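Just below is one structure, and these are the notes that go with it.
The values are calculated or read from the model by the stated rules, or taken from the named source; none is laboratory data. Nothing here was measured: the structure is a model prediction, and the numbers come from that model. Neighbour counts run over all protein chains shown; Cβ positions are idealised from the backbone, glycine included. Side chains are part of the model used for accessible areas, which takes the heavy atoms of the whole protein and leaves out ligands, DNA and RNA. Shrake-Rupley method; radii C 1.70, N 1.55, O 1.52, S 1.80 Å.
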Amino acid sequence: MLLTTLSGNDEVHHYKKSVVIIFGGRRRVLSTAPHNGGYREDLRCVFNHDGKIPGKSPCYMKAPTYAEHMAITAEEIGLDRNTACGISTAADMENLIIKSESYDDITVTALATGGIDVNGGRAGDPATWHEEKEKAKELAKLGTINILLHFNVDLSEGAIARALVTCTEAKSAAIQELQLPSRYSRGLATGSGTDSTIIVANAESGYRYTNTGKHSKLGEIIGRAVKTAVKEALGKQSNSTPQRQHNVIRRMERFGLFEDPLWERFDRENPGLLSRAAFADRYWHVTNNDMYVTYTSLYAHLLDQVDWRLISCREALTAGSELLKLMGAPSTVRTDIENQEECITEMVELFTHGLLLKFIPPRSAEED
C-alpha cells in the first residue's frame, strides 16, 4: 500500500511487514543498518522491517550474521540487496507515525516506530555482550525505536552526520519528557539498546545545507519532527503516553517499586487486612491520586539528583521528608547518611513505607 509520496517523488510503501522508501532519484544515505550501512550514495531504497515471527521467538535468524539476515530480508520484500539497506524492529508497522516539519524551502519528515518497555536503557548502563569474544552468539537485535529521517534538500557529508546527532538528541528528549525508565539501571532511559536510524538527503536538490545543529532552523525542525513522531509512536505501540505515566508506580518503578512485591509486603505486615482483589482496588486509587503523583515526581527527581551528585544526601533526605509529610506519610529525617547508595536505599524505603500506609482502609465511623 502506498502511504505517501515525499519530495523528489520518493514513495513510501507498506507491505510484507515493512515500510519501504523507494527513491525517485539520487540520494545520500547515512544509516546504522547492519547491511549496506554507514554513508552511501549508491542506494535506491531503504526500509524498516517488523522482524517478529508469529508464534515463534521474536526473530528467526535467516543467516549466521545479522548483516546477512537483513540482506536476505531485503530480497524477501522484493528489493535488490546491493542497493537497499534496512533496519529491523519488534514494533508493528501499522503503528508507524509520519510527521513533517517545514521552514521556507526545507521539509523534514520523520517516519518512526517505537516501544521501549522491554529494553529501554540509559547510555552507560551495564552491558553483557562483547562482539569480539562472542561473535558466534550474535543475535538479530530488533531495534525498538527506529527512525527514517527524510530531507527534501541536499546535505553535505558533515551535515548528514550532524543530523544523526540532532535526531538522536531529539529521540532522547522525547523519552525524557515521557519519563520512561531504563530496564538496566535506576536511571531514565535515553533510548533502547537496539535503536536504529536511517537518514536520507536529496542529492539532486538545488539547495545544499551544511549545518543541521540545534542553532540552525534545519536543526530545529529535525528536533520537532523527530520528537513528535517518537512520542506518538511510543504511545501507539506500547501506550507510553503522558496519561499512562501519570501514576505513582510508573514514576518509581525504576527504584524497585512494583505492584506484586508491594502486595506481598503489605500482606506480610498487615495479615488478613485486605484480600488481593481489595488491595488491587486500593492500589488503583492510591497510585493514580493526582497529588500523590505530583509529590512522587518531585521525590523521584531528588533521588536522581543524588545519583548525579547535584545535591547532598542531607539535602535530599530533608526535602524528601517534607514531601512525604505532604503526602500524609510519616518520615524520620536522618541527616547522618553520607553514602550515596545508602541514602537512596533509605529514601526508597521511607517512600515505600509511607505509600503502603495509604493502602490501609480508613476506619469506619462505627469503629471510631
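All but one of (1) over 22 Å from residue 89 (Cα atoms); (2) crowded, with 24+ Cβ neighbours inside 10 Å; (3) among the β-branched types (Val, Ile, Thr) hold for residue 200; state the number of the condition that does not hold.
Among (1) over 22 Å from residue 89 (Cα atoms); (2) crowded, with 24+ Cβ neighbours inside 10 Å; (3) among the β-branched types (Val, Ile, Thr), the lone unmet condition for residue 200 is (1).
Looking at the range 229-254, which of its residues are of a type in the set (S, T, N, Q), closer than 27 Å to residue 102 by Cβ and assigned to a helix (DSSP H, G or I)?
Result: 237, single match.
How many residues does the range 158-193 hold that are out of contact with any Lys or Arg (no Cβ under 8 Å at 6 or more places or on another chain), more than 15 Å from residue 112 (Cα to Cα) and either free of Cβ contacts under 8 Å to residues at least 24 places away in the same chain or open to solvent by 20 Å² or more (accessible area, probe 1.4 Å) (or both)?
Adding up the residues that qualify gives 6.
Return the only residue of 292, 299 being at pLDDT 95 or above and under 19 Å from residue 186 (Cα atoms).
From the options 292, 299, the qualifying one is 299.
Among the numbered criteria (1) modelled with pLDDT of 90 or more; (2) in a loop (DSSP other than H, G, I, E, B), which single criterion is violated by residue 142?
That leaves (1) as the condition not met.
Any chance you could count how many residues in the range 279-311 are in contact (Cβ under 8 Å) with a residue 40 or more places away in the chain, part of a helix (DSSP H, G or I), over 24 Å from residue 124 (Cα atoms) and open to solvent by less than 60 Å² (accessible area, probe 1.4 Å)?
So the answer is 7.
Identify, by number, the condition in (1) in contact with a Leu (Cβ under 9 Å, 6 or more places away or on another chain); (2) more than 26 Å from residue 185 (Cα to Cα); (3) open to solvent by 70 Å² or more (accessible area, probe 1.4 Å); (4) in a loop (DSSP other than H, G, I, E, B) that residue 271 doesn't meet.
Result: residue 271 fails condition (1) only.
Only one of 112, 71, 90 is more than 26 Å from residue 219 (Cα to Cα), touching a strand residue (DSSP E or B) at 6+ places or on another chain (Cβ under 9 Å), at pLDDT 95 or above and not polar (S, T, N, Q). Can you tell me which?
One residue alone meets the criteria, 71.
Could you tell me whether residue 314 is of a type in the set (D, E, K, R), surrounded by fewer than 16 Cβ atoms within 10 Å (Cβ to Cβ), part of a helix (DSSP H, G or I) and touching a residue at least 12 places away in the same chain (Cβ under 8 Å)?
Yes.
Does residue 234 meet the test of being under 30 Å from residue 47 (Cα atoms) and open to solvent by less than 30 Å² (accessible area, probe 1.4 Å)?
yes
Take the range 189-228 and flag every residue that is in a loop (DSSP other than H, G, I, E, B) and among the β-branched types (Val, Ile, Thr).
Result: 190, 194, 210, 212.
Could you list all residues from the range 60-76 that are out of contact with any Pro (no Cβ under 7 Å at 6 or more places or on another chain) and surrounded by fewer than 18 Cβ atoms within 10 Å (Cβ to Cβ)?
Across the range 60-76, the qualifying residues are 60, 61, 62, 63, 64, 65, 68, 72, 75, 76.
Can you pull out every residue in the range 324-342 that is part of a helix (DSSP H, G or I) and open to solvent by 20 Å² or more (accessible area, probe 1.4 Å)?
325, 326, 340, 341, 342
Quick one: in the range 15-40, which of the residues that are under 22 Å from the mean Cα position of the chain (by Cα) and assigned to a loop (DSSP other than H, G, I, E, B) is nearest to residue 92 (Cα to Cα)?
17
Among the residues of the range 209-241, count how many are over 21 Å from residue 178 (Cα atoms) and in contact with a strand residue (DSSP E or B) (Cβ under 6 Å, 6 or more places away or on another chain).
Residues flagged as over 21 Å from residue 178 (Cα atoms) and in contact with a strand residue (DSSP E or B) (Cβ under 6 Å, 6 or more places away or on another chain) within the range 209-241 amount to 3.
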